[in-house]
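Undergrad: I'd like to ask you about the structure that follows.
The values are calculated or read from the model by the stated rules, or taken from the named source; none is laboratory data. All values reported here derive from a predicted model rather than from experimental measurement. Methodologically, a virtual Cβ is constructed for each residue, glycine included, from the backbone with ideal geometry; neighbour enumeration extends over all protein chains shown. To get the accessible areas, we keep the full protein, side chains included, count just its heavy atoms, and leave off ligands, DNA and RNA. Shrake-Rupley method; radii C 1.70, N 1.55, O 1.52, S 1.80 Å.
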Amino acid sequence: QSCDQNWTMGNCCFKGKPPSEPLASAHSLVPRPSTESNLSAPVDPKTVQFTVGASAHKRKEGAAASRGNLFGMERYQVRTDLREMLEKKEVVLIKASWLSKQGFKKRSSLPSRSTLEDGETDALADVALVERCFKEVVRAATELVGDELCHYPGVVVVSYRWLSAAHPDPQGKLLQMLAPMLEWYGAQRAVLGLDPEFCVFIDFCSLHIPPHADVDQTTAFEKVKKSMDIWYGHMGTMTWILSAPPKDSDPPRKYSEGAWPTFERAACVGKLPVYCLDMGRFEGWENRKFEKEWRNKYREQFAKHGKRHQAPTDASLRPLVEGSAAVPLMAEAFNAALQPKECATADDRMVICDLYNQVSRARLGSSQKLSFALLRWTPAEFATFAGTMAALCQNLETLHVT
């Protein structure tokens with residue numbers, strides 16, 4: 001905490017303001033026996049104290065907005081950039097009900113964007129649906145962010161590993177895996193009084209994936225690729241981490257071994273824990289439960305299949321939140337960790353590194369409050385976490401860790 005007080009994390013006690021210069025490494029945080037007696041709460045005898053810097057400077061009230069703009073935080077709170085990509089047709093969003101239906105029907109493969117635009121336009125979210133869902137996204141990122149509850153916003157961004165180098169889902173197994181997840185999310189929305197229909201961003205359906213038909217598609221793809229941090233790192237979008245491949249995948253490709261999936265998970269740094277869910281742990285919704293159209297007039301019937309679970313410790317969310325957060329890294333450490341990951345091109349690797357540097361500095365550098373829930377990190381990972389916080393979190397006032 002950036003003030004002249006002790007603060008605790010787990011069974012550790014910290015004191016002082018993070019230094020203005022990045023630490024050489026996480027291990028430069030040297031544990032010292034705690035000698036302070038003015039702690040606000042009893043401390044375990046085994047507590048150690050990490051002195052991480054000099055005393056804090058005084059902040060000026062009302063500077064939060066300017067800090068956010070300085071670090072580029074508004075990029076992850078408003079919808080200007082997202083709206084522009086949609087208006088220019090650089091990105092399209094998919095109706096959740098359509099995707100779910102295709103999965104339950106056991107469609108043979110995940111369709112590409114060109115396939116949808118050529119003959120299955122009913123899969124694409126229309127202007128009215130997009131507008132409604134983005135209002136929910138902005139509200140989740142601004143008005144509702146303080147309560148730290150899940151409000152099931154209307155845009156779900158899917159992070160997954162392609163099942164083959166040529167096609168992300170050549171046998172439709174990913175679609176079958178997504179179907180019950182989408183239906184569950186619609187039911188959770190219905191419980192809160194929201195229209196069960198929502199939008200889904202999934203790269204193969206939403207983007208012009210190479211090979212391209214013309215130069216316009218190439219230009220659009222290259223532009224959007226350099227904006228992936230907004231989709232996955234936005235405060236109001238819901239990110240799904242498909243950490244486990246579909247059942248019977250042959251051969252199984254590990255999520256953790258892909259460069260883009262590694263970035264997409266890391267880009268969630270600073271998001272509320274309930275907006276980054278590890279759907280690889282999703283279970284308990286094996287069969288289709290709602291046969292009717294996903295319309296608002298059927299909301300009450302749909303809501304019977306959901307539960308009002310919004311906190312990270314609630315039964316429906318706990319297994320999805322637990323262990324989902326990636327350890328925040330300094331840009332150099334992230335770049336090093338990315339090197340062994342599988343990546344299509346060297347250019348992609350450079351783009352990913354630049355995107356992570358941008359999102360981590362913006363989110364960590366401007367945030368006054370950060371929450372990390374139900375972590376399952378090792379002691380070494382917590383040491384790395386402490387070093388990153390000390391180096392980047394220049395405006396942090398409250399750090400909530402469980």
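Undergrad: Rounded to the nearest percent, how much of the accessible area of region 149-292 (1.4 Å probe, protein heavy atoms only) is carbon and sulfur?
TA: Looking at region 149-292 in its full context, I get 52 percent from C and S.
Undergrad: Looking at region 297-402, which chymotrypsin sites (Phe, Trp or Tyr not before Pro) are DSSP coil and have at most 10 other C-beta atoms within 10 Å of their C-beta?
TA: Taking region 297-402 and a limit of 10 other Cβ atoms within 10 Å, no loop chymotrypsin sites (Phe, Trp or Tyr not before Pro) are found.
Undergrad: What pairs from Lys173/Lys341; Lys105/Lys173; Lys247/Lys289; Lys101/Lys292 go past 19 Å between their alpha carbons?
TA: As for pairs spanning more than 19 Å Cα to Cα, those are Lys173/Lys341; Lys247/Lys289.
Undergrad: Using the heavy atoms of the protein chains and a 1.4 angstrom probe, tell me the accessible area per residue for region 183-314 in square angstrom.
TA: Accessible area per residue, region 183-314: 43 Å².
Undergrad: Still on this structure, please answer the following. Residue separation times 0.36 nm, minus the C-alpha to C-alpha distance between Thr121 and Asp214: what's the value?
TA: Once the chain is fully extended between Thr121 and Asp214, it gains 31.4 nm.
Undergrad: On to the next question. What is the gain in length, in nm to one decimal, between Glu332 and Glu397 on full extension, counting 0.36 nm per residue of separation less the C-alpha to C-alpha distance?
TA: Numbers: separation 65, 0.36 × 65 = 23.40 nm, distance 2.51 nm.
Taking Glu332 through Glu397 to full extension adds about 20.9 nm, to one decimal.
Undergrad: How far apart, in nanometres, would the label points at Glu74 and Leu192 be if each is projected 7 angstrom from Cα along the Cα-to-Cβ direction?
TA: With each label point 7 Å from Cα toward Cβ, the separation is 2.6 nm.
Undergrad: Which FRET efficiency value, to the nearest 0.05, do you get for Ala315 and Lys254 by plugging their Cβ-Cβ distance into 1/(1 + (r/R0)^6) with R0 = 35 Å?
TA: Numbers: r = 28 Å, r/R0 = 0.80.
Once rounded, the FRET efficiency stands at 0.80.
Undergrad: Could I ask something else about it? With a cut-off of at most 15 other beta carbons within 10 Å, and DSSP calling the residue loop, which GluC sites (Glu not before Pro) in region 91-179 qualify? Please list them.
TA: On the way: sites: Glu117, Glu120, Glu131, Glu136, Glu143, Glu148; in loops: Glu120, Glu143, Glu148.
When the GluC sites (Glu not before Pro) of region 91-179 are filtered for loop state and at most 15 Cβ neighbours within 10 Å, Glu120, Glu143 remain.
Undergrad: Right, something else. Calculate log10 I(q)/I(0) of region 258-381 for q = 0.11, 0.20, 0.22, 0.23 Å⁻¹, where I(q) comes from the Debye formula with a single equal point scatterer on each Cα and nothing for solvent.
TA: So the normalised log intensities work out to -0.53, -1.12, -1.25, -1.32.
Undergrad: Quick one, what does Rg over Rh come out to for region 320-402 if you take C-alpha atoms and the Kirkwood Rh?
TA: Numbers: Rg = 13.7 Å, Rh = 13.8 Å.
We get a ratio of 0.99 for region 320-402.
Undergrad: Sorting Thr388, Thr402 by accessible area (1.4 Å probe), largest first, what list results?
TA: Thr402, Thr388
Undergrad: Using 0.36 nm times the number of residues separating Arg288 and Lys226, minus their current alpha carbon distance, what extension gain do you get?
TA: In short, 18.6 nm is gained.
Undergrad: Still on this structure: Using a 1.4 angstrom probe and counting only protein chains, how large is the accessible area of Phe290 in Å², to 10?
TA: So the heavy atoms of Phe290 present about 10 Å² to solvent.
Undergrad: Quick one: order Val157, Val138 from most to least accessible surface, probe 1.4 Å.
TA: In descending accessible area the options line up as Val138, Val157.
Undergrad: Jot down the radius of gyration and Dmax of region 222-321, Cα atoms only, both in angstrom.
TA: In Å, with Rg to one decimal and Dmax whole: 16.2, 43.
Undergrad: Which of Thr378, Ala311, Ser367 sits farthest toward the positive end of the charge dipole of region 249-402, with +1 on the Cβ of Lys and Arg and -1 on the Cβ of Asp and Glu?
TA: Selected residue: Ala311.
Undergrad: Would you work out the charge dipole size for region 67-185 about its Cα centre, treating the Cβ of every Lys and Arg as +1 and the Cβ of every Asp and Glu as -1, and quote it to the nearest 20 debye?
TA: Around 320 debye, computed over region 67-185.
Undergrad: I've got another one for you. Set Lys and Arg Cβ to +1 and Asp and Glu Cβ to -1, take the dipole of region 76-168 about its Cα centre, and tell me which of Ala123, Val78, Val92 lies farthest positive.
TA: Among Ala123, Val78, Val92, the one farthest towards the positive end of the dipole of region 76-168 is Ala123.
Undergrad: Next question, about the same structure. Taking R0 as 51 Å, what FRET efficiency do you get between Ser114 and Lys307 from their Cβ-Cβ distance, rounded to the nearest 0.05?
TA: After rounding, the FRET efficiency stands at 0.85.
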